[in-house]
Each structure stands twice: as structure tokens, then as C-alpha cells.
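K.L.:
Below you'll find the structure I mean.
Just so it is clear, none of the values below were taken in a lab; they were calculated from the coordinates. From a predicted model like this one, the values you see are computed outputs, not experimental measurements. Every residue, glycine among them, receives a Cβ derived from its backbone with ideal geometry; neighbour counts consider all protein chains shown.
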Amino acid sequence: MKKRLLILTLFGIVSACENGPKKIENNSKITERTREKSVKELKAELISKGYQTFDYIDETTKDTILMQQYFIAFLKRGPSRSQDNAQTDSLQKLHLAHLGKMYEMGYADISGPFGDDGEIRGITIYNVPTFEMADSLANADPMAKTGRLTIEIHPWWAAKGFALR
């Protein structure tokens, strides 16, 4: 009896073990669970794509935090602001579509307007490897093309993978 129970247990363990990614049933879709990349792997991938990075060691936890260079586009009030309401509404729709496209394509991580009526109207944080690419993408915005907004780009460092809270 003990031998039979041992064989059944071993059979259960062996059949439960599987090589390769785990498949998880989720809302009738099958998805694969993959392991997270190590900091070293992520850093190597970013560098191979032309991104600037450096390691920061947290003095309290001794964790290595991967810092990545992003680019912040300041969207500033431009010289051409004489459009009528219909033109402005049309430009705003095109502007939002452009920002949505940048996000969907993975070029922009966050965008938004400022809550005052100042010179700087909003920002977009671009997740691209070069200043030139960020500048080109930001200036492709219909609001920038018409001169309603001007773009000012600055490099900005942030911890890779950290979320806003």
C-alpha cells in the first residue's frame, strides 16, 4: 500500500512538473507566463537599442536601481494662436490623436496638460534613445506644426520600471 501511494505521489509530482513557460487560463484566453528580466539583462537590452543608462545603488536597501534617460517635451504657448474655435477644436483632436499614437507605439510614456494658464501648456515624456528622435516625434504634433505650440526638449533621468504614485 505504501509503495502504491509513493508511486502515485511520484507520478503526480512528475506530471505536474513541466519544462518551458507556464500556461495560465485567463478569461478563456491562454497566456504564457515569462520570467522577468534581470537588471543586467534589461540594461544590456536598453544599451543595445541606444538608450543611456546608469546604475544607482540605494544606500538603505543596497538594491541596484537601473536609471534610464528619457526626454521631457515641454509644450509651450506658440506664436500662432489666432485660430478660430472650429480650427482650435480640430487641432485639439489631432493633437490628442498624435499623443495617443505616440503612447500606443511605445514612444511616449505619459502626457498631460498643466492646470494653469501659463506659458508651458503641458508635457510629454518620451521613452526613446535619442534627443533627436524625441524632438522629431514631438514636433510632428499638429499643434507644433501650426505654431500653436512650440516644443522644448530636455533629457531626464528616472528609475526604469518605477510607477508614479
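K.L.:
Using the Kirkwood radius over C-alpha pairs as Rh, can you work out the diffusion coefficient of segment 64-159 via Stokes-Einstein at 25 °C, viscosity 0.890 mPa s, in µm² per second? Mind showing how you got there, number by number?
P.N.:
Values: Rh = 13.7 Å.
Value of D from the Cα-based Kirkwood radius: 178 µm²/s.
K.L.:
What is the order of 65, 57, fewest Cβ neighbours within 10 Å to most?
P.N.:
57, 65
K.L.:
Please give the Cα centre distance for segment 76-147 versus segment 39-61, rounded to the nearest Å.
P.N.:
What the calculation gives is 29 Å, centre to centre.
K.L.:
Please identify the chymotrypsin sites (Phe, Trp or Tyr not before Pro) of segment 104-165 that satisfy two criteria: DSSP loop assignment and at most 10 other Cβ atoms within 10 Å. Which are they?
P.N.:
Taking segment 104-165 and a limit of 10 other Cβ atoms within 10 Å, the loop chymotrypsin sites (Phe, Trp or Tyr not before Pro) found are 162.
K.L.:
Could you tell me the relative contact order of segment 48-165? Use alpha-carbon pairs under 8 Å, at least six residues apart, and round to a whole percent. Let's see the in-between values first.
P.N.:
On the way: 195 pairs, mean separation 46.0, N = 118.
Worked out over segment 48-165, it gives 39 percent.
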